[in-house]
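A.B. asks: Got a structure here, written out as structure tokens. Questions coming.
Since every read-out is calculated from the coordinates, none of them should be taken as a lab result. All values derive from a computational prediction rather than experimental measurement. Quick reminder, even Gly has a Cβ in these numbers, built from the backbone with ideal geometry, and neighbours come from all protein chains shown.
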């Protein structure tokens, strides 16, 4: 810690007299629905309520505002017939113009005039949505500049442990979250992901690529399917169309760089490219861990506009992940017994052609390909292999989407697509040595030996329609329906209606209701282990959501939302009649036997809760949020006993805030208190666990305080951004679970790392 404070003192005493006084803001503004350029949009750069500069867009939608002092601003976009948009946290640095790509939504003459606000939401989503932009994610204390970790500060979102970015949304399993990147569904956006689940220790997505994300935690519209709890919709930014730029960054987890520039001389396109390499191996080695994760990733995005009506977007990215073990002594080997060797490689390719058919209609054609090779291996302390899973999973999806906006009050979106699926799995498991005991009979529940090769060649089809309609000025109704087909299971077809309604009682106050039926198909890994699992149904969840939002000022809002999720047809184990798979998918267990057992679709459950969220946007010198979530999540397996879900934390309390000191300094902090997850007590004599006590006890509450200091250095031709981020400032040893050590015959707690200081550097040329 001493060296950390020395560095801070050095930064405090450094001079910034070399800073450039002004730079510029450039960009392009288009219609949100059609993508057509908008001319004569008034663009105003504000510092608080003070106008710093401004201008209007040209016929091609571009604007250029010069002589803007270095600093952070709010930019207002205003055009008659469109909703006024306010974007905060727009950072102007030396060495390059700040380039923006902005979309404005049309306003209906039938719709009530709402208060000007920093908080926007799509017309087709009225419930449970939060939008985060690049700068909010970057500056979040303790966030590792990782989207998943930052989302963990939002209402109803918990996590498995501080070392992972799993999203536990309103009591749902980490398998229940949908990831969409530039309109392409991606199974997992994380390094070292769990097969069939959605979390990991760190994101693959380079933050410098991110423009903004929408996170929907309930009652999401019909265009989103095959998941039960949430949607993370990530929209990547375009590259700079003015000149070639370079960005070198040292983050909390890796070293990387971003290159970007224009395509051609007429500003018709742009490209971005990045490479990132972890240095977690250095951290883990210095901390004395027996295992060392290593990863590398690369990402590319290209955009070319043939004209104002036709464009092509290309996204390419891939990752290479490896876990290396230190097995120099017996203690290391014993420690590594509980760690799964997790080697992965994969890629994502997506190509989207967009054409504006008329001022009221748009057609999009999307071709996406995802591939992941999983290579799991578990060994005991004598290096005997007790589990392995080598699987290739590939998905190729072709979809078409049509958007029609006949009036500002009406919006209709339809779409259909098909996914070609191929999976090849080679799974080996020796009898599981972690066992449960039936209290009455003394029966031990042990997963049997398994040695299987399987290949799945199948497909999924879907179609949807979503209508958004304003009526009686104060009401917006969203009606949707979705059809899903999965060829690999017995009951192949599923229909899911969805509806939501928002009532604008006043320009500051609105009420919302939402309902929907949601289905999720069984994971391929569940179908690969046992042939009889192909008789599974899609899992079902019915969502009921009600909320109220009040806008005190343009930068301060309060929301209160209640929800109920009713689960049915969840896969339940026939070998272990007290387990459903809603309790799995959020860890790196030695055997990773998540779902690799005989299953039937007879598990049920529910999750219910209430969420209070207070948010202050950064408009003057400070920002912050307060999040209080109370919830309860239960389930029933084949034995019919109601038990706590493994992710039933019961309460979440988060306070986050920051203060900006002038144009160059910012301090921020985050405090979290989360109820401990349920667990099953371990018998201190022999390490067994009683079925009657399954998930009856709770781990100690998780709590931590993270602090961060940011500093900008603006030189004549480049900008340097530095930060110091100290996680878990007071060194709380949070416990994420307990293990039985068969060598010492003792129960051991899985404790988090204590104080974790990190330093970040970002050089922009």
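A.B. asks: Quick one: which of 155-163, 672-680 comes out on top by average Cβ neighbours within 10 Å, and what's the full order, highest first? Let's see the in-between values first.
C.D. replies: Numbers: 155-163: 22.9, 672-680: 20.3.
Peptide ranking by packing, descending: 155-163, 672-680.
A.B. asks: How much FRET efficiency would the formula 1/(1 + (r/R0)^6) give for residue 66 and residue 501, where r is the Cβ-Cβ distance and R0 is 45 Å, rounded to 0.05?
C.D. replies: My answer for the efficiency is 0.50.
A.B. asks: Can you tell me the 0 to 90 degree angle between the C-alpha axis of helix 2-13 and the longest principal axis of the chain, rounded to 10?
C.D. replies: Once rounded, one gets 0 degrees.
A.B. asks: Apply the a/c threshold of 1.5 to the C-alpha gyration tensor of region 170-262 and tell me whether it is rounded, prolate or oblate.
C.D. replies: oblate
A.B. asks: While we're looking at this one, here's another question. For the chain, what number results from the quotient of the Cα radius of gyration and 2.2 N^0.38 Å?
C.D. replies: Compactness ratio reported: 0.94.
A.B. asks: So for the pair residue 642, residue 461, with labels modelled 7 Å out along Cα→Cβ, what separation do we get in nm?
C.D. replies: Distance between the two pseudo-spin positions: 4.1 nm.
A.B. asks: Moving on to the next point. For a quick check: sort 132, 255 by the number of other beta carbons within 10 angstrom, fewest at the front.
C.D. replies: Working: 132 19, 255 14.
Neighbour counts put them in this order, fewest first: 255, 132.
A.B. asks: Taking only C-alpha pairs under 8 Å that are 6+ residues apart, what is the relative contact order of region 129-764 in percent?
C.D. replies: Normalised by residue count, the contact order of region 129-764 is 11 percent.
A.B. asks: Would you mind calculating the gained length between residue 365 and residue 575 on full extension (0.36 nm times residue separation, minus the Cα-Cα distance), in nm to one decimal?
C.D. replies: Details: separation 210, 0.36 × 210 = 75.60 nm, distance 4.51 nm.
This chain segment gains 71.1 nm when fully extended.
A.B. asks: Same structure again: Mind ordering 26-33, 554-561 by average Cβ neighbours within 10 Å, highest first?
C.D. replies: 26-33, 554-561
A.B. asks: What FRET efficiency, computed as 1/(1 + (r/R0)^6) with R0 = 30 Å and r the Cβ-Cβ distance, is obtained for residue 621 and residue 246, rounded to the nearest 0.05?
C.D. replies: The pair residue 621/residue 246 has a calculated efficiency of 0.45.
A.B. asks: Do you know the relative contact order of region 491-603, to the nearest whole percent, from alpha carbon pairs under 8 angstrom that are 6+ apart?
C.D. replies: Value for region 491-603: 24 percent.
A.B. asks: Please state the relative contact order of region 24-112 as a whole percent: Cα pairs under 8 Å, 6+ residues apart? All intermediate terms of the calculation are to be shown ahead of the outcome.
C.D. replies: Numbers: 199 pairs, mean separation 30.7, N = 89.
Reported as a whole number, the value is 35 percent.
A.B. asks: Per residue, what volume in Å³ does the Cα convex hull of region 619-681 take up? If you can, show how the numbers build up before the last one.
C.D. replies: Numbers: hull volume 6.7 nm³, N = 63.
Cα-based convex hull of region 619-681, divided per residue, equals 107 Å³.
A.B. asks: Please work out whether region 394-549 counts as rounded, prolate or oblate from its C-alpha gyration tensor, where a ≥ b ≥ c are the square roots of the eigenvalues and a/c under 1.5 means rounded, while otherwise a/b larger than b/c means prolate and anything else oblate?
C.D. replies: oblate
A.B. asks: A follow-up question, please. What distance in nm lies between label points placed 7 Å from Cα along the C-beta direction at residue 414 and residue 211?
C.D. replies: In this crude label model, residue 414 to residue 211 measures out at 2.7 nm.
A.B. asks: Using label points projected 7 Å from each Cα along Cα→Cβ, tell me how many nm separate residue 268 and residue 454, to one decimal.
C.D. replies: So the two model labels end up 5.0 nm from each other.
A.B. asks: Then there's this: First check a/c for region 207-324, with a ≥ b ≥ c the square roots of the eigenvalues of its C-alpha gyration tensor; if it is under 1.5, answer rounded, and if not, answer prolate when a/b is larger than b/c or oblate otherwise.
C.D. replies: In terms of gyration-tensor shape, oblate.
A.B. asks: Further question on the same structure: Quote to one decimal, in nm, the extra length available between residue 277 and residue 515 on full extension: 0.36 nm per residue of separation minus the C-alpha distance between them.
C.D. replies: The span from residue 277 to residue 515 would gain 81.4 nm if fully extended.
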